[in-house]
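Asks: Provided herewith is a single structure, encoded as C-alpha cells, for subsequent inquiry.
Where a number appears in this text, it was derived from the coordinates with a stated rule and is not lab data. In this text the structure is predicted, and so the values were computed from the model without any measurement. Cβ placement follows ideal geometry from the backbone for every residue including glycine, while neighbour counts extend to all protein chains displayed.
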Amino acid sequence: MPVVEPFMEPYRRHVLVCTGSFCSPDRRGRGLYALLASLLEREGLLFGPGRVKRGETPCLGVCAGGPIVVVYPEGVWYAGVTPELLERIVVEHLKGDCPVEEAVFHRL
Ligand code: FES
C-alpha cells in the first residue's frame, strides 16, 4: 500500500465552533458553522496568507452560554455567539486582528 504524505497549505488561524447540544440546546452552533464558511469566503479568508480554517466539534468543555466559538492560535473564546456576532468576529477579529472584546469570556 503506497504511503501518501500528508500536506496542508499554510493557514493563519483556526476557528472551532461547538455544534453540541449542551451549550445551546437548539444547536444553533450548526447554523453558525455553515454561516462561517460563507463569511470567510466573503471576506477573502479562505485562501492566501490570511487563510482561516474552520472546524466543528461536539463539545468544547464549556457546556453553557453557547454557542461557543474559539479562535486559535490566540486562544480567544467567545460565548453566546449569534450570527451577528459571528460576522463581527470574522470582520473585526479574523480580518482586522481586533478581537470583539465585549464577547470574550476566556483567553489562553
Ligand atoms: S456542548 Fe458546547 S461546549 Fe459542551
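Asks: Quick one: would you say F105 is aromatic (F, W, Y) and in contact with a strand residue (DSSP E or B) (Cβ under 7 Å, 6 or more places away or on another chain)? Break it down stepwise before answering.
Replies: Numbers: aromatic (F, W, Y): yes; in contact with a strand residue (DSSP E or B) (Cβ under 7 Å, 6 or more places away or on another chain): yes.
The answer is yes for F105.
Asks: Looking only at the stretch 83-108, how many residues end up being surrounded by 14 or more Cβ atoms within 10 Å (Cβ to Cβ) and free of Cβ contacts under 8 Å to residues at least 12 places away in the same chain?
Replies: At the first step, the residues of the stretch 83-108 found to be surrounded by 14 or more Cβ atoms within 10 Å (Cβ to Cβ) are 85-95, 99-100, 103-104.
Now narrow it down to the ones that are free of Cβ contacts under 8 Å to residues at least 12 places away in the same chain: 92.
So the count comes out to 1.
Asks: Right, Y72: of a type outside the set (A, V, I, L, M), out of contact with any Phe, Trp or Tyr (no Cβ under 6 Å at 6 or more places or on another chain) and surrounded by 18 or more Cβ atoms within 10 Å (Cβ to Cβ) or not?
Replies: Working: of a type outside the set (A, V, I, L, M): yes; out of contact with any Phe, Trp or Tyr (no Cβ under 6 Å at 6 or more places or on another chain): yes; surrounded by 18 or more Cβ atoms within 10 Å (Cβ to Cβ): no.
Taking the combined requirement at face value, the residue does not satisfy it.
Asks: Strands (runs of 3 or more DSSP E) wholly in the chain with at least 1 residues that are within 11 Å of the ligand (Cβ to nearest atom) - which ones?
Replies: Numbers: elements: 13-18, 52-57, 69-72, 76-78, 104-107.
Because the criterion is at least 1 residues that are within 11 Å of the ligand (Cβ to nearest atom), the strands (runs of 3 or more DSSP E) in the chain that meet it are 13-18, 52-57, 69-72, 76-78.
Asks: Separate question: Hey, can you tell me all the residues within the stretch 1-15 that are loosely packed, with under 10 Cβ neighbours inside 10 Å and either touching a strand residue (DSSP E or B) at 6+ places or on another chain (Cβ under 9 Å) or not β-branched (V, I, T) (or both)? Steps first, please.
Replies: Taking the stretch 1-15 and keeping what is loosely packed, with under 10 Cβ neighbours inside 10 Å, we get 1-10.
Once the filter is applied, which keeps residues that are loosely packed, with under 10 Cβ neighbours inside 10 Å and either touching a strand residue (DSSP E or B) at 6+ places or on another chain (Cβ under 9 Å) or not β-branched (V, I, T) (or both), the stretch 1-15 yields M1, P2, E5, P6, F7, M8, E9, P10.
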